Amino acid sequence: LVSPMAGASDSAALGIEATEVESKEREYDADFLKKMIGRIDWASFAAAAKTLEVSEGIPATRDALDEGDDTMMRKIHHALLEVNVVTGNLICTETGRKFPIQLGIPNMLLNQDEL
Amino acid sequence: RGSGRGREGRGAAGTMLFLILFVNAVGRYSFRQAELRALLEMEGVTDAPMVWTRDGDTEGKDSAFMEIELPSEDVARRVAQRSVCIKGIYHPWGRGKTQEECFEGVKAFGAANMEPYCREGSTFKINMYSYGGKIDTAASKVVIERAFDAVPFKGQVVLDKTKKGVKAQSADKRASHQFWYCEDTMKEAGEQTAVKGSCTGALRGVWFCREVSTGGREVLADFDLKQREYLCSTSMTAENSFLVANFAHASAGKLLLDPFCGSASLLVAAAKFGCYTMGGDIDLRVIRGKEKNKQMPSHCRYARTVDEVDITPFDNFRQYGLKEPLDIVRCDNARPTWRLGSLFDAIICDPPYGVRAGARKTGCNKETKPIPEELREGHIPGTIAYGISDVLSDLLDMSAKYLAVRGRLVFWLPTTPDYKVEDLPQHPCMEMLYNCEEVVTAKWQRRLITMKKTREPQEGERAVCAIKEEDEGIEAAHDNFAVKYFGKQGADRRDDSKESTRSKRKKRAAELAAEGRQGLGWQEGQMENFQEKDGQT
């Protein structure tokens, strides 16, 4: 996700902070995981994983990723697909604007004076 | 259409001939062939020769049957099992214009080809189906005698409850080999009427076939909205949801987005086919959830605070044992908040058009004042009406950006009989594949539209509409749809942007008092309270 504000750059990632996190088990699907790894922005994912303290075993750069390493892949699966922020915020790194998360649902709406 | 096929019913290119019986889709006949073609695409089959059985019926307007050549029985089975338009797919052993011709064909099919399905120890049943006519007991007996004459049946007859292409109540009681005697007798105006109950009437086609597979309609009973745990007024029926999932090529390993997900009814069907799903909606109440309070009417049960939430769209996935969505996000599709291009394999939706839910985007008609810092948290952003044409343009722009190349966009569009193809905005990266019309009433229809992303958008490429705002008096058939559907007063009542809820409620109460009726006053009051108290979450 990215900040929907006009003028916020398309590629500015959102930081994440959490007061409540849960882990929901999901069936491990190697093909889907590889496909998603190819589509996401690794740097933001790694940074978010670090903030949520699930980055152990996950490389900081995609180059260091070894798709054949099953343990590493399963840790990525856990961080990407199983860990869920229930309560917290997404933070725009450019403006500091916080987008609250409640019941796992991030609220990305801007107020009318921000449009 | 005689018996020009090879002995085993094989075409020149090594394909097999199949007979498909479709549901009688009143008002939406074009969905059937379109869904079939979409499912064949999933099998990599794009040029299967297909012929509706009524002469000259290229679009399947009058026919129930279609003859089609497919590469294999496996393809036929996989396609049928997903389809909600197909009742059954059969391999004809004999066919013709008369019963005589049909059974001559069966004999010519050859005992060697029939043997695997007639073995001793197997169970079988012969079903009768007539499109437009009736096969009574006497006629059935004739058919059965001819069948036994032509086919070396050695197995045991099991009279299960199979009929009209629908499975018997209990699958394990169904005979292992199902045979079908099919007649196409539908009458046209001015044509000689087929004598009811007789096999010697004006038949258009006769087939005797072995069932390869029933269609995918059984699943609809399990997913019926009547048993759905979490519903809202915009939940899509099971049949329509599965149709969308088929057009979108939903399958295992894919990621689908519904940017107007509501109660996630479309995502549930996609998840049934094994997809990972994500949803977005601007209306927090619908995606956050409801409280289970039996005292209050259902539309008031949206939870006012996070603590009151008892049931959410996620519960629908749990109900059916399906993968839950990766995420549901509150967002405004006029200001897309997704970051990465080429993220989704498909985007499916039923955008709100002001009929059962108003379409809104963030914004304010009045001059905006800065919001005081102390009120920022929990402030509900103001929203304004989001016209259908804008919804469509934004949807195309979003799809062009966030779909993977060759990914699909599938959406419903309500419109009027004035619809013309120029009404739709176009995007250089989105190719129209299917545009199926469903006539709902004389006043309105809806279309199920499927588009494919053909390439990545270049800088600045946007959706373009042939009809521009400046063209006075010209509007797309779907513009102001709520007005056309409800009439001006009704539409105004639903258009929140025109006046505040409180003054509308007062007006409504006055209207009803004038009529001598009491309104649902306390309920409307409750709704208003909900909207105000929402800010306290």
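Observations, loosely collected:
- For B:T415, nonlocal amide neighbours, meaning residues 5 or more places apart or on other chains whose placed amide H falls under 5 Å from its own, are B:Q445, B:R446, B:R447.
- Label-to-label distance, nm, for residues given as B:D47 and B:E59 (7 Å Cα→Cβ offset): 2.6
- Pairing chain A with chain B buries about 3400 Å² of accessible area. This figure sums both sides and uses a 1.4 Å probe.
- From its DSSP helices (H runs of at least four residues, each -39,500 (n - 2.57)), chain A gives a residue-normalised ellipticity at 222 nm of -7000 deg cm²/dmol.
- Label separation (B:V142 vs B:R462): 6.9 nm, computed from points 7 Å beyond Cα along the C-beta direction.
- Against the main long axis of the alpha-carbon atoms of chain A, helix A:30-39 sits at an angle near 40°.
- Per residue of peptide B:230-237, the mean number of Cβ atoms on other chains within 10 Å of the residue Cβ is 0.
- Counting, for every residue in B:341-353, the Cβ atoms of other protein chains within 10 Å of its Cβ and taking the mean gives 1.
- Label-to-label distance, nm, for residues given as B:R119 and B:V439 (7 Å Cα→Cβ offset): 5.1
- For the stretch B:103-154: Kirkwood Rh in Å [reciprocal of mean 1/r, alpha carbons]: 12.2
- Accessible surface, 1.4 Å probe, highest first, among residues B:E41, A:E56: A:E56, B:E41
- Whole-Hz couplings from phi, Karplus 6.51/-1.76/1.60, listed for the stretch A:66-79; x for Gly and Pro: 10, 5, x, 7, 5, 4, 5, 4, 5, 5, 5, 4, 5, 5
The values are calculated or read from the model by the stated rules, or taken from the named source; none is laboratory data. Predicted model only: the values in this text are computed from it and were never measured. Heads up, the Cβs are rebuilt from the backbone with ideal geometry, glycines too, and the neighbour counts pull from every protein chain shown. Surface accessibility is based on the protein's heavy atoms, side chains included, excluding ligands, DNA and RNA. Shrake-Rupley method; radii C 1.70, N 1.55, O 1.52, S 1.80 Å.
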